[in-house]
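Written out below as structure tokens is the structure these notes cover.
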Amino acid sequence: PELPRTSVFHALNQKAVAKRYSKESGKKYEDLNLIVVHLGGGVSVGAHKNGRIVDVNNALDGEGAFSPERAGTVPAGALIKMCFSGQYTQAEIYKKIVGNGGFTALYGSNDMRDLKKAELENGDQKAADIRKAFIYQVAKDIGAMSTVLKGKVDKIIVTGGIAYDETVTAALKERAGFIADFQVYPG
């Protein structure tokens, strides 16, 4: 009870692309069940049911997939041990979760383009593994949100800067496309 869940996510972007899709599809936002995925410095995945966001991960403080700058969900026991190890201040631990987590911690860059270039041009297996793990975790979050909507998903919408990377969106479609068709709005 001392740790209430909070919604910290890309609310304006998620609502904007959901409403854009509803307008383009000729349907009312209030009549749609959507999963909206924002892929940026943080990753937020939201379940939109009949014009309301009914569930979303806390994209700032560590829930869900890791991202360019955030650690995402980490093992609670290991985090507790780290916090009480005496090696880190509270601020240092928080910076490991938000700001210096994710791609930054794993690869030294917060830019998916750097990982893609290293993988495709240089055959860098570490970069490839990080990209695959990122896609895997985001797809799991999409799947989780589909259960919130009881499997009745009209569309999965992907947005954010990483949505410009067609290899990422194609891989997400391959993993989660059985849930619903995808609409991509990069940026």
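For residues in the stretch 158-177 being under 16 Å from Arg113 (Cβ atoms) and not in a helix (DSSP H, G or I), which is most open to solvent (accessible area, probe 1.4 Å)?
Going through the qualifying residues, I end up with Asp165.
Please indicate, with yes or no, whether at least one residue in the stretch 88-103 is crowded, with 19+ Cβ neighbours inside 10 Å, part of a helix (DSSP H, G or I) and small (Gly, Ala, Ser).
Scanning the stretch 88-103, I find at least one residue that is crowded, with 19+ Cβ neighbours inside 10 Å, part of a helix (DSSP H, G or I) and small (Gly, Ala, Ser), so the answer is yes.
Which one is farthest from the chain's Cα centre (by Cα), of the residues in the stretch 133-187 that are of a type in the set (Ser, Thr, Tyr) and closer than 21 Å to Tyr29 by Cα?
Thr147
Just one of Gly102, Gly108 is modelled with pLDDT of 95 or more and within 14 Å of the chain's Cα centre (by Cα); which is it?
The unique qualifying residue is Gly102.
Of the numbered conditions (1) over 21 Å from Ile156 (Cα atoms); (2) open to solvent by 70 Å² or more (accessible area, probe 1.4 Å), Lys27 fails exactly one; give the number of that condition.
(1)
Filter the stretch 114-152 for residues that are in contact (Cβ under 8 Å) with a residue 12 or more places away in the chain, open to solvent by 20 Å² or more (accessible area, probe 1.4 Å) and assigned to a loop (DSSP other than H, G, I, E, B); which is farthest from Asn33 (Cα to Cα)?
Gly151
Determine which member of the set Val37, Val8, Val74 is in contact with a Leu (Cβ under 8 Å, 6 or more places away or on another chain), part of a loop (DSSP other than H, G, I, E, B) and not hydroxyl-bearing (Ser, Thr, Tyr). Before the answer, list the steps.
On the way: Val37 fails: part of a loop (DSSP other than H, G, I, E, B); Val74 fails: in contact with a Leu (Cβ under 8 Å, 6 or more places away or on another chain).
None of the other options fit; the residue is Val8.
In the stretch 45-87, which residues are open to solvent by 50 Å² or more (accessible area, probe 1.4 Å) and acidic (Asp, Glu)?
Passing the criteria: Asp61, Glu63, Glu69.
State yes or no: is Glu2 part of a loop (DSSP other than H, G, I, E, B) and surrounded by fewer than 20 Cβ atoms within 10 Å (Cβ to Cβ)?
Considered against the rule, which asks whether it is part of a loop (DSSP other than H, G, I, E, B) and surrounded by fewer than 20 Cβ atoms within 10 Å (Cβ to Cβ), Glu2 comes out as yes.
The values are calculated or read from the model by the stated rules, or taken from the named source; none is laboratory data. Source: prediction; values computed, not measured. Don't worry about glycine lacking a Cβ; one is built from the backbone with ideal geometry, like all the others, and counts go over all protein chains shown. Ligands, DNA and RNA are stripped out before the accessible areas are found, and what is left, the full protein with its side chains, is counted by its heavy atoms. Shrake-Rupley method; radii C 1.70, N 1.55, O 1.52, S 1.80 Å.
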